[in-house]
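The values are calculated or read from the model by the stated rules, or taken from the named source; none is laboratory data. Since we're looking at a predicted model, the values are computed, not measured. Cβ sites come from the backbone with ideal geometry, for glycine too, and all protein chains shown count toward neighbours. Side chains included, ligands, DNA and RNA excluded: accessible areas come from the protein's heavy atoms. Shrake-Rupley method; radii C 1.70, N 1.55, O 1.52, S 1.80 Å.
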Amino acid sequence: MYGPLRWPPERPGFNSGCGSQSPGLFTCIGRIEWLASESDIDRATSVSGSGPGFIFAIAEDLIEAAKAEGLSPEVADTLVRQTLFGSAMLLASTTKSAASLKVAVPSSKGTTEAGLSVLRHENTLARLLCQTVRAAHQRARELGC
């Protein structure tokens, strides 16, 4: 897991062309996104730097919910891991948005629709995630990440 990387293109010891040469160094560990401003680094940190922790928290709670519905801890863990893996692979391998993939999954009046209706109630999940990212962004600014 890798978060944002700050590349100092104009510091002593770095060639002025380092910024343009650096992509080859890092493409083996992930995608490179050039940010428009230094302040965007704090914003990116609040999502990609902290995001894995948020996803793991969601996974942990989804495992606990599966166990509460009667699945064994082992089965709940495996199902959640594989669901997250498959979902992430699909999202990464398509140009479709997360919103369009979400709409494509549920069948009318099916189980996914029933669960999504709880998440959509008063934008509960959206509001919670906005607060989560906002708190991480605020902390990144305080730390000067």
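Note on region 101-115: among residues that are more than 17 Å from the chain's Cα centre (by Cα) and part of a helix (DSSP H, G or I), the one that is nearest to residue 125 (Cα to Cα) is 115. Inside region 116-145, residues that are among the polar types (S, T, N, Q), surrounded by 11 or more Cβ atoms within 10 Å (Cβ to Cβ) and at negative phi make up a count of 3.
For the residues 77, 42, the requirement of being part of a helix (DSSP H, G or I), surrounded by 13 or more Cβ atoms within 10 Å (Cβ to Cβ), modelled with pLDDT under 95 and not hydrophobic (A, V, I, L, M, F, W, C) singles out 42. For region 45-74, taking the residues that are over 19 Å from residue 139 (Cβ atoms), outside any helix (DSSP H, G or I) and not hydrophobic (A, V, I, L, M, F, W, C), the one that is least open to solvent (accessible area, probe 1.4 Å) is identified as 72. Filter region 49-76 for residues that are in contact with a Leu (Cβ under 9 Å, 6 or more places away or on another chain) and free of Cβ contacts under 8 Å to residues at least 60 places away in the same chain; which is nearest to residue 32 (Cα to Cα)? Checked region 49-76; the qualifying residue nearest to residue 32 (Cα to Cα) is 55.
Taking residue 96, is it within 30 Å of residue 31 (Cα to Cα) and outside any helix (DSSP H, G or I)? Taking the combined requirement at face value, the residue satisfies it.
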